[in-house]
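Accompanying notes for the structure given below.
Values in this text are rule-based calculations from the coordinates and carry no lab data. All of these numbers come straight from a predicted model, not from anything done at the bench. Positions of Cβ are generated from backbone atoms using ideal geometry, with glycine treated the same way; all protein chains shown enter the neighbour counts.
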Amino acid sequence: MNEPTNIDPRLARVAPTWEVELLISGVAIFAMLQLPGWLDDGMFALEPRLGRDWRMIAVLAYFYSKSAAIVLACTFALHLLLRAQWIALMGVHSVFPRGIHLDDARMGPIQREIEAGQTGSTEEAIERADNRASVVFAIGVSVALIIAIVCIVFCTTLLVATLLTNLVGLQVETFVVVGGLFMLLMLPYLLAIGVDQHLKERIRPGTPVHRLVARVIGLYTRLGMGRRSNHILATLLSNQGEKRTMVLVFGIMLVAISSVSLIYVAMQSGNPIGSYSLFPSARALEIDDAHYDDRRDATRDQAVPYIASMVVDGPYLQLTVPYEPRRDGPALRSCKQPEEGKTAEQAQALLACLQSTRSVLLDGKLVEGLRYEIASDPRTDRPALLAMIDVRALAPGRHELLVGRPLVQDSRRDSKDPAYRHYRIVFWR
């Protein structure tokens, strides 16, 4: 390898943190690439256990956490690529210190003239690549930190508010209350900085308005709302252009959170990816693997009623109906319960209430005398109802179960639709 006799001083001004940046990116990228999958598994395992309020907290924490993980994973991957480009430029420059020779390139006179008019040496390209990698690393880490702080503050506040409302017994929309409270808390700060930016010299020092604006901004700055609370972002804003940097930061946040939301909806829907638009599909006709214990994914599938297998050989069909807090909880609260202290009577009343909402139709006919037992899902350890249905009199062939489910408020669907009011399970004798 040829060593250059004179090293350009610009090459000595490489980012002093490049070694640490490479170390962090190289080590952390593997954890960040696996973290979204771990979060998915945790969310799908936890969601069926939660009611409406608690589920909202879990979903928000999941969205924010996965968004931060994706931002960091993309940042570290892109940073490694940019650092590799920078190292390649350094290596090429050390081997060929004279740089680009247009005289030896195969091109016409017009292209040669245009190329010769382009400014920029290899040393400048190396410096730009070094700076670009450091800025990408800084922006990605800053965005992930912002998302993490929002997640911790908002979800913690929502958690405390939900605990308090449950202890007091209030039936309120906790998410709406907390969101409104945050807006009210931020309003004085937004008004103060708006007045300071637009009125500027019109607010004379010593006047009541000046003192009020200064106190409000000073208070929120001490609480962590000032520019210097995020020194990296403040430096980028003041050197890269405020509008450009803010658009970039919020754009990355929006893309990350939107991507997580879309992926979450896609995983919930279970629709296959591909060119299947012409394939016949209808909720009332589909066979869902989640309804069969030997085919379902206990960690990812929704908590729906299931039987052992599509083919029933024995005299009884074992039907397991998992408890759904989001649906069964409101239904149970609407049921009339015995007086306090009568635990056995309360349990019987609640079981009867659940049984009334979980009626079963076999081949279109109501199963008379159906009795549910209190049990659990052995693969997920979640509470469930268990019923043994006598199928000895059924003829060989295809049969269909319709298991009722409590209705929830959903203006997007028709509650009279049997496919919405029942779970459909097909089996063969």
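A quarter of the convex hull surface defined by the alpha-carbon atoms of the range 109-153 gives 4.4 nm² as the mean projection.
When exposed loop sites are taken as GluC sites (Glu not before Pro) in a DSSP loop with at most 16 other Cβ atoms within 10 Å, the longest stretch of the chain clear of them is 1-172.
Each peptide in 388-394, 142-148, 28-34 receives the mean, over its residues, of other Cβ atoms within 10 Å, and ordering these scores from highest gives 142-148, 28-34, 388-394. Classify the range 35-80 from the C-alpha gyration tensor, please: rounded if a/c falls under 1.5, else prolate or oblate depending on whether a/b exceeds b/c. Judged from the Cα gyration tensor, the range 35-80 comes out oblate (a/c at least 1.5, b/c at or above a/b). The calculated FRET efficiency for the pair Glu201 and Ala234, based on their C-beta separation and a Förster distance of 22 Å, comes to about 0.40. Scalar couplings 3J(HN,Hα) for the range 153-160, obtained by applying the Karplus form with A = 6.51, B = -1.76, C = 1.60 to θ = phi - 60°, are 5, 5, 5, 5, 4, 5, 5, 5 Hz; x denotes Gly and Pro. Model label sites at Met388 and Val95, defined 7 Å from Cα along the beta-carbon direction, differ in position by 7.7 nm.
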